[in-house]
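A short write-up of the structure that comes next.
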Amino acid sequence: MHDSHRKHRETDGGGGLTAHVFRALGNYKIWLFAACGIFVIPHFSFADKAAQPPIPDLPLGEAIGQVLAMPGDAEYGAYLATECVTCHQQHSVNHAIPAINGLPREYFVEAMLEYKYHLRDNSVMQAIIGSLGMEELSALATYFSTKD
């Protein structure tokens, strides 16, 4: 055994892997990797959980009643609907994505809140409706109920 290996083994307590990594990468690179592991990786590995909006505290029936009690600004709904109609087209060939023009306001609100409360299973719709407040939902319901 070389003197350098013997000397290293004596000071390392026999666990040469750590020393080899430090020697190969240098101390500053180890701290960089550690920082990435602490600060960057958790943001990627837990991104799905962090992105899920919480289920509202208000009972579903009360939430439906509150949204329906709002007048709903159809112009604001038209502005918000530009994202919706990307998938929900009037004459859809894909029956998995339904047309939403002309849906009764009450049905629209109930369906959207069921996604928000995770009673309907569609992660895309849950994420979209999770980012909308009651006023936006009311405006969309009013807008789509007036479309043919």
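The values are calculated or read from the model by the stated rules, or taken from the named source; none is laboratory data. Here the structure is a predicted model, which is why all the values come from computation and not from measurement. Note that each Cβ is placed from the backbone with ideal geometry, even for glycine, and that neighbours are counted across all protein chains shown.
Cβ-Cβ contacts under 6 Å between residues 6 or more apart (or on different chains), taken from a first residue in segment 58-81 that is outside the structural domain of Gly130 (by TED's automatic domain parsing) to a second residue that is of a type in the set (Lys, Arg) and modelled with pLDDT of 95 or more, are absent.
One line per residue, one yes/no per condition, for (1) under 24 Å from the mean Cα position of the chain (by Cα); (2) modelled with pLDDT of 70 or more:
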| position | (1), (2) |
| --- | --- |
| Arg23 | no, no |
| Tyr28 | no, no |
| Ile38 | yes, no |
| Pro42 | yes, no |
| Ala63 | yes, yes |
| Met70 | no, yes |
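If you filter segment 91-113 down to residues that are surrounded by 17 or more Cβ atoms within 10 Å (Cβ to Cβ) and assigned to a helix (DSSP H, G or I), you find that the one that is farthest from the chain's Cα centre (by Cα) is Arg105. When segment 114-148 is limited to residues that are without any contact (Cβ under 8 Å) to a residue 60 or more places away in the chain and among the acidic types (Asp, Glu), the one that is surrounded by the most Cβ atoms within 10 Å (Cβ to Cβ) turns out to be Glu114.
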